[in-house]
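> Pasting a structure below so you can have a look.
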Amino acid sequence: MKKEEFNSLVKDEIIPLISQTREDGQKEYAHDVNNVFANFDRVASTLSLDRKKILMTYLLKHIDGITAHINGHTSQREPVYGRITDAIVYLTLLWGMIAHEK
């Protein structure tokens, strides 16, 4: 893939999909427009864990699926692109959690 083609893919497809997935996740899971981390906070409170560990658990589920795909298990319940998108969203949320702690 050429650089221009890749840049177009990132700008026109990947970034918008990540943004939409993040927005959809906020509505579906957080249930709080004022706290993007609300679902992680709820689970963290229930389990007496740090919210970053909860996020990491969710992220690793997708990493497992991506790893399975790379290792040849391509017929999964969810397309690998969805898992990659979710992983990127979780990483942006982790960035936000770390930035919020500073």
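The values are calculated or read from the model by the stated rules, or taken from the named source; none is laboratory data. Fair warning: this is a prediction, and the values are worked out from it, not measured in the lab. Backbone-built Cβ (ideal geometry, glycine too); neighbour counts: all protein chains shown. These area figures cover heavy atoms from the full protein model, side chains too; ligands, DNA and RNA do not enter into them. Shrake-Rupley method; radii C 1.70, N 1.55, O 1.52, S 1.80 Å.
> Condition first: outside any helix (DSSP H, G or I) and open to solvent by 90 Å² or more (accessible area, probe 1.4 Å). Now tell me which residues in the stretch 67-78 satisfy that.
Residues of the stretch 67-78 that are outside any helix (DSSP H, G or I), as a first pass: 71-78.
Once the filter is applied, which keeps residues that are outside any helix (DSSP H, G or I) and open to solvent by 90 Å² or more (accessible area, probe 1.4 Å), the stretch 67-78 yields Asn71, His73, Thr74, Ser75, Arg77.
> On to the next question. Under 9 Å by Cβ, and 6 or more places apart or on different chains, what pairs join a residue from the stretch 7-28 that is closer than 14 Å to Ile84 by Cβ and touching a residue at least 60 places away in the same chain (Cβ under 8 Å) with one that is open to solvent by less than 70 Å² (accessible area, probe 1.4 Å) and of a type in the set (D, E, K, R)?
Thr21/Asp86
> Looking only at the stretch 1-52, filter to residues that are among the charged types (D, E, K, R) and under 13 Å from the mean Cα position of the chain (by Cα); which one of those is nearest to Met97 (Cα to Cα)?
Filtering the stretch 1-52 for residues that are among the charged types (D, E, K, R) and under 13 Å from the mean Cα position of the chain (by Cα), the one nearest to Met97 (Cα to Cα) comes out as Lys52.
Here's the yes/no breakdown for (1) in contact with a helix residue (DSSP H, G or I) (Cβ under 7 Å, 6 or more places away or on another chain); (2) free of Cβ contacts under 8 Å to residues at least 60 places away in the same chain; (3) open to solvent by less than 60 Å² (accessible area, probe 1.4 Å):
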| site | (1), (2), (3) |
| --- | --- |
| His31 | yes, yes, no |
| Val43 | yes, yes, yes |
| Lys52 | yes, yes, yes |
| Thr57 | no, yes, no |
| Gly65 | yes, yes, yes |
| Thr85 | yes, no, yes |
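> Quick check on the stretch 87-102: of everything there that is open to solvent by 60 Å² or more (accessible area, probe 1.4 Å) and not hydrophobic (A, V, I, L, M, F, W, C), which residue is modelled with the lowest pLDDT?
If we take residues in the stretch 87-102 being open to solvent by 60 Å² or more (accessible area, probe 1.4 Å) and not hydrophobic (A, V, I, L, M, F, W, C), then Lys102 is modelled with the lowest pLDDT.
> Let me ask something additional. Quick one: would you say Leu17 is open to solvent by less than 90 Å² (accessible area, probe 1.4 Å) and touching a Phe, Trp or Tyr at 6+ places or on another chain (Cβ under 9 Å)?
Yes, satisfied.
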